[in-house]
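S.K.: First the structure, which I've put down as structure tokens, then a few questions once you've had a look.
The values are calculated or read from the model by the stated rules, or taken from the named source; none is laboratory data. What you see is a predicted model; the values in this text were computed from it and never measured. Note: ideal-geometry Cβ built from the backbone for every residue, glycine included; neighbour counts use all protein chains shown.
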Amino acid sequence: MNKNFKILIGSLVVVSVFGLSQCKKSSVVAVPPNPYLLELKSSATLGSYLADKDGKALYSFANDANIISTSTTATIPDWPAFFVSGFTASKLGAGLVATDFDSVASASGKQLTYKGWPLYYYAPGGVRETSGMTTGDGIEGKWFVAKPDYSIMLANLQLVGANGKSYVYAAPLVYTEGTAKSLYFTDPLGRALYTYAPDSANINKWTLGTVADAAHNAFWPIYGPVQSPVVVPSVLNKALFGSITVFGNPQMTYKGWPIYYFKSDVSATGVYRGFNKGVSIGIVGTTSLWPIIFKDIPAAPTK
């Protein structure tokens, strides 16, 4: 084999190797970084839920219904607080609105809130869930994935009546004085929800059939309109929720009980969250005329 032929073969080998190398490089498609800091993901069982830029689920805690972050990594290490800087409307995925977000102080510094609920990761044993996991939902009946479309939420707070006394749920419609947190229903923004003891199954006796129905509704407004289908925390049975019509307006029901707000559950600055004053309105002995709604409240009577 002459010298020139060897040089030619060597050149072809170099060109071939270089060509293969270039082919391999061109077959790798770069994945652009996620432009969003927060976005909505979807679960077959939970529907849409809030996630960070890496797809990790974010959660809310029933103890935080008054917008105060109560979980810390020192006391509850499985639930680290979530915060992200550089937060703007352009950093939100479809279906999210910037005005639904804010921040509060927490033991770890700042913590982002969604619709007033401080946000957390779930990190059992100190290891955060991976993208697409929602195993923290429903833990202790107080931790829930953050969602944009809840019809009902749960608060776990002390009951303090309009009379300034602290109450504890004792039995159906019965409350005794005492200090302990109670797990009860709120609207998506943390405002307490009530029933009216004289009501019957799917019959509103407070507003319907009264001359001063407008005044009645102003003091104890009906809770509606009713979202269809109803979206509730996973520990609740959505089949137990329904609706009735009150003077042309929808009112949500639970186990047949029509659901109400209490007008005076509000602070001097117009904040409704964290108040449950209505529990003492009309209370006689230990029986409340306006019981706050609990998961296990008996079904409304048929009468």
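S.K.: Quick one: in segment 36-45, of everything that is hydrophobic (A, V, I, L, M, F, W, C) and modelled with pLDDT under 95, which residue is farthest from G132 (Cα to Cα)? Break it down stepwise before answering.
M.R.: Keep residues of segment 36-45 that are hydrophobic (A, V, I, L, M, F, W, C), which gives 37-38, 40, 44.
Filter once more, keeping what is modelled with pLDDT under 95: 37, 44.
Numbers: L37: 16, A44: 11 Å.
That would be L37.
S.K.: Can you name the number of the only condition in (1) buried (at least 19 other Cβ atoms within 10 Å of the Cβ); (2) in contact with a strand residue (DSSP E or B) (Cβ under 7 Å, 6 or more places away or on another chain); (3) at pLDDT below 95 that N217 fails?
M.R.: All conditions pass for N217, except number (2).
S.K.: Also: Consider segment 79-103. How many of its residues are over 18 Å from P148 (Cα atoms) and buried (at least 18 other Cβ atoms within 10 Å of the Cβ)?
M.R.: Number satisfying all stated conditions: 3.
S.K.: Let me ask something else about it. Of all residues in segment 132-173, which are without any contact (Cβ under 8 Å) to a residue 24 or more places away in the chain and under 27 Å from V231 (Cβ atoms)?
M.R.: Residues satisfying the conditions are T135, I139, E140.
To keep it simple, each residue is scored yes or no on (1) under 20 Å from S43 (Cα atoms); (2) of a type in the set (F, W, Y); (3) assigned by TED's automatic domain parsing to the domain that holds A192.
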site	(1), (2), (3)
I68	no, no, no
W79	no, yes, no
A105	no, no, no
W117	no, yes, no
Y121	yes, yes, no
G126	no, no, no
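S.K.: Somewhere in segment 201-213, is a residue at pLDDT 95 or above and either part of a loop (DSSP other than H, G, I, E, B) or among the polar types (S, T, N, Q) (or both)?
M.R.: Yes - at least one qualifying residue is present in segment 201-213.
S.K.: Then there is this: Of the residues that sit in segment 139-169 and are at positive phi and outside any loop (DSSP other than H, G, I, E, B), which one is surrounded by the most Cβ atoms within 10 Å (Cβ to Cβ)?
M.R.: Of the residues in segment 139-169, the ones at positive phi are 140-141, 164.
Going one step further and asking which of them are outside any loop (DSSP other than H, G, I, E, B), we end up with 140-141.
Details: E140: 12, G141: 15.
It comes out as G141.
S.K.: Quick check on segment 170-181. Is at least one of its residues part of a strand (DSSP E or B) and acidic (D, E)?
M.R.: Keep residues of segment 170-181 that are part of a strand (DSSP E or B), which gives 170-171, 174-177, 181.
Next, only the ones that are acidic (D, E) stay: 177.
Yes - at least one qualifying residue is present in segment 170-181.
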